[in-house]
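This report refers to the structure that appears directly beneath it.
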Amino acid sequence: MLSSFVNLLPILSEALRPMRRRLLQVLTGLLIGLAMVAGIFFLAPPPGADPGWEASSPPPNPYPAPALELEDLQGETVNLASFRGRAAVVFFGFSNCPDVCPATLLNLSRALDELSNREQDRVQVLFVTVDPERDTPERLDDWMENFHPSIVALRGEREEVWDVARGWGVHAAIVPRADPDSDGHDHHAHGDHADATLTPEVRAAVAPGAPGEYSVDHSARSFVIDRSGRVVALMAPFSDYRAMAHDLRLALR
């Protein structure tokens, strides 16, 4: 009888071979899964960690974007909430600004050009004028020709626009225009202003002949909003357009 059992061993071994192979596959899959979970746990950045912004700095914690509902240059109401599911950038400025506003919009335009067509379709840049008396729809329409065609300019009555700006923590104030200094340039202050060598392209984008002997002092940072509608970064003025493009891709994640 023992000899019969011994003779059956090769047969049993052959019969169990598929089961052993299947068991080995299951165990291998489990080990790979555990390794992936461990990698995610140990290598992923902690919640709230800086994902690697280059032109921007993150707030202490991402927060829901404040309300923004104004008219575009065709008189249609535009609500920031309608862009949920896409990344967005919101920038407050005015067309007669001699430096930071055209520089920011030109660099954002170049950043958009760095993106693929699919990425561009998923990013919306909104420019809000803080000088609606002079920035009429006709004037803004001409000025926006200097920048990427997808950028949408928004306006409203001054009180309405400034209420929106305050909701975003943006400072805006009318200041008398100073006399031109010895180099022939008319300088005015901006919040978050940084010194920069202004290129001829930037100077060419300053709206010429704006009426009124005043300027508008305003915060110069841009707000980067992710696809879920949260402000996730504050983009510095005069940032390099390639760094801006990098940050826009981060907001699309």
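Here are some notes:
- Number of the exception - PRO137 against (1) out of contact with any Leu (no Cβ under 7 Å at 6 or more places or on another chain); (2) of a type outside the set (A, V, I, L, M); (3) at pLDDT 95 or above: (1)
Yes or no, residue by residue, for (1) surrounded by 17 or more Cβ atoms within 10 Å (Cβ to Cβ); (2) closer than 16 Å to SER239 by Cβ; (3) of a type in the set (Gly, Ala, Ser):
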position	(1), (2), (3)
VAL78	yes, no, no
ALA88	yes, no, yes
PHE91	yes, yes, no
CYS101	yes, yes, no
THR104	yes, yes, no
LEU112	yes, yes, no
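- Comparison of ALA88, ALA67, ALA81 shows that the only residue that is of a type in the set (Gly, Ala, Ser), touching a strand residue (DSSP E or B) at 6+ places or on another chain (Cβ under 7 Å), in the same structural domain as ASP131 (by TED's automatic domain parsing) and at pLDDT 95 or above is ALA88.
- Test set (1) at pLDDT 95 or above; (2) surrounded by 23 or more Cβ atoms within 10 Å (Cβ to Cβ); (3) in a loop (DSSP other than H, G, I, E, B) - PRO149 fails condition number: (2)
- Those residues of the range 134-146 which are touching a Pro at 6+ places or on another chain (Cβ under 8 Å) and in a helix (DSSP H, G or I), in sequence order: ASN146
- Highlighted here are the strands (runs of 3 or more DSSP E) found entirely within the range 69-133 that include at least 2 residues which are within 20 Å of ARG221 (Cβ to Cβ) and in contact (Cβ under 8 Å) with a residue 12 or more places away in the chain: 87-93, 123-129.
- Among the residues of the range 132-168, those that are closer than 16 Å to LEU80 by Cα and aliphatic (A, V, I, L, M) comprise ILE151, VAL152, ALA153, LEU154, VAL161, VAL164, ALA165.
- Members of the range 230-240 found to be modelled with pLDDT of 95 or more and surrounded by 17 or more Cβ atoms within 10 Å (Cβ to Cβ), listed by number: VAL231, VAL232, ALA233, LEU234, MET235
The values are calculated or read from the model by the stated rules, or taken from the named source; none is laboratory data. Note that the structure is a prediction, hence the values are computed from the model and not measured. We place every Cβ from the backbone using ideal geometry, glycine too, and count neighbours over all the protein chains shown.
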